[in-house]
1. Report the Cα centroid-to-centroid distance between segment 129-192 and segment 32-60 in angstrom, as an integer.
2. Note down the net charge around Y96, summing +1 for each Lys or Arg and -1 for each Asp or Glu among other residues with Cβ under 13 Å from its Cβ.
3. Once the Cα atoms of segment 76-130 are picked out, what are the Rg and Dmax in Å?
4. Among A63, H153, H98, whose Cα lies farthest out toward the positive end of the dipole of the chain, if unit charges sit on the beta carbon of Lys, Arg (+1) and Asp, Glu (-1)?
5. Give the residue from P282, Q219, T366 lying farthest towards the positive end of the charge dipole for the chain; charges sit on Cβ (+1 for Lys and Arg, -1 for Asp and Glu) and the dipole is referred to the Cα centre.
6. Anyone know which of I233, I300, I122 comes out most mobile in the 10 Å Cα GNM of the chain?
7. With loop defined by DSSP as not H, G, I, E or B, and exposure as at most 14 other Cβ atoms within 10 Å, which is the longest segment of the chain clear of exposed chymotrypsin sites (Phe, Trp or Tyr not before Pro)?
8. Considering the options M339, S407, I392, tell which one lies farthest towards the positive end of the dipole of segment 337-435, charges being +1 on Lys and Arg and -1 on Asp and Glu at the Cβ, about the Cα centre.
Amino acid sequence: MHLIWENVVKNLMQMWTGQYKGLRTGREDYELHPTVWQAIGDASAASGNTIPGIYGPCPPNVASDKMSWTADTRSFWIQYVGPVLLAGRFTHRKYYTHFVLLVRLIRKCLQFEITDQDIEDIRTGFISWVKEYEQIYYQYDATRLPMCTLTIHALLHIADSIKAVGPVWAYWAFPMERYCGSLQPAIQSRRFPYSSINRYVVDRARLTHIKLVYGLEDQLRLGPPTKETGIAIAGYDTCVLLHPHRRLALDKGVLQDRILACLGTRHNIPPSALQRLRRALPSDVHSWGKVRIRNEGDTIRASSLNAHAQDGRDATFVRYELLVDRHARSHRRAESYEMRTFYGQLQHILVIELDQTAASNVPGFTAAGPFTFLLAVVQQCVIEEDNEDLDIHYYTRLGALEAVDISTIQCLVGRIRDRGRWAVIDRSGTLSRALYNEKT
């Protein structure tokens with residue numbers, strides 16, 4: 001995939017800014033005005049504060065930063081930042097449509113599992129993209145032949161490569177690049193650097209061999225042992241709670257009403273019995289600052305207990321899924337539920353411990369419980385526009401608070417502010433991405 005990140009994408013950026021081998025636009029008009037490109041660069045750099053750190057390095061300023069680009073940062077920019085910031089920037093929509101087709105094909109290539117039909121879609125998709133590329137950039141003009149690079153032709157062979165040896169994540173260059181980077185600290189001699197590298201590689205291979213042969217992975221671990229930290233709540237096996245922690249007074253008001261609505265819906269409590277449930281609520285609750293999804297999941301912060309630093313990266317916006325009645329507005333029709341996806345900012349992480357005696361008298365509860373609940377209070381993003389193809393969702397304001405079970409929260413999402421509205425980006429799909437594991 002490096003032929004795309006370090007060649008095709010890089011060359012496209014140069015073409016859009018009139019910096020590619022002295023060639024102008026010819027009979028097309030795909031160049032972006034310098035002020036437009038600078039606005040895109042400023043928005044790109046600013047997006048780092050609203051994209052969680054788990055997503056990777058902060059996107060560089062595409063207009064002025066020429067040193068921070070790597071294959072990884074360019075991959076992220078072209079898949080998630082570019083589709084947001086380039087929308088509506090070109091003089092003709094066909095240039096943006098052509099770019100989006102490339103993004104869709106890249107995402108299909110990066111799927112963890114690829115079917116025969118996916119491979120055929122990749123094949124026909126790149127054929128279509130290259131043909132349109134020739135029309136827009138090459139224009140069948142011999143003086144513009146430098147536009148037809150070998151890497152453009154190589155796109156036509158990606159489908160065959162996947163068919164022959166599997167998905168691209170099985171053989172891309174990211175692991176080797178990371179491994180080469182890990183060799184640099186081993187160089188102890190400027191005069192004989194290769195001797196230092198050779199000794200380090202041999203020693204590391206021997207140590208790995210001993211671990212595997214004798215089962216001494218834990219005993220010969222060079223780093224500190226990894227262990228699951230945090231507070232586990234009974235009945236919630238998918239996550240743990242992390243500090244900071246404080247007690248929060250649960251006075252009558254919006255927050256208490258949202259908790260009642262959540263518990264009432266979950267236990268199918270009739271409206272006439274909600275007052276009895278209110279009496280079972282405690283006067284104060286445990287409020288936690290962070291929740292971590294187990295099995296190497298995201299660590300999500302509650303905005304109420306985590307002040308956002310000016311140079312920090314926002315890790316409070318989440319994707320969560322709820323069952324919603326299709327016929328909620330038609331009371332005479334039978335209930336029919338479907339799963340829907342929502343986005344919002346996590347405000348509170350609350351542990352609710354009901355009074356057992358009072359709760360036992362509420363319809364829907366039994367003496368066996370449960371009486372302890374782990375809830376998330378989320379302020380929902382009011383989505384105004386969706387780009388389903390690229391899984392990008394737009395909003396300009398936040399809506400009302402709602403309390404949901406913590407298990408409905410799926411992952412962190414990032415946000416990009418562009419021309420007065422926010423775009424929500426979600427990297428948790430079926431795409432494979434480079435994650436370096438020191439153990440392997």
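The values are calculated or read from the model by the stated rules, or taken from the named source; none is laboratory data. Computed from a predicted model, the values in this text were never measured in an experiment. Cβ atoms come from the backbone with ideal geometry, glycine included; neighbour counts cover every protein chain shown. For accessibility, only protein heavy atoms count, side chains too; no ligands or nucleic acids. Shrake-Rupley method; radii C 1.70, N 1.55, O 1.52, S 1.80 Å.
1. 24
2. Cβ neighbours under 13 Å give a net charge of +1.
3. Using the Cα atoms of segment 76-130, the pair Rg, Dmax is 12.4, 37 Å.
4. A63
5. Checking the options against the dipole of the chain, the answer is Q219.
6. Its mean-square fluctuation being the largest, the pick is I233.
7. My reading of the result: 172-435 is the longest stretch.
8. I392
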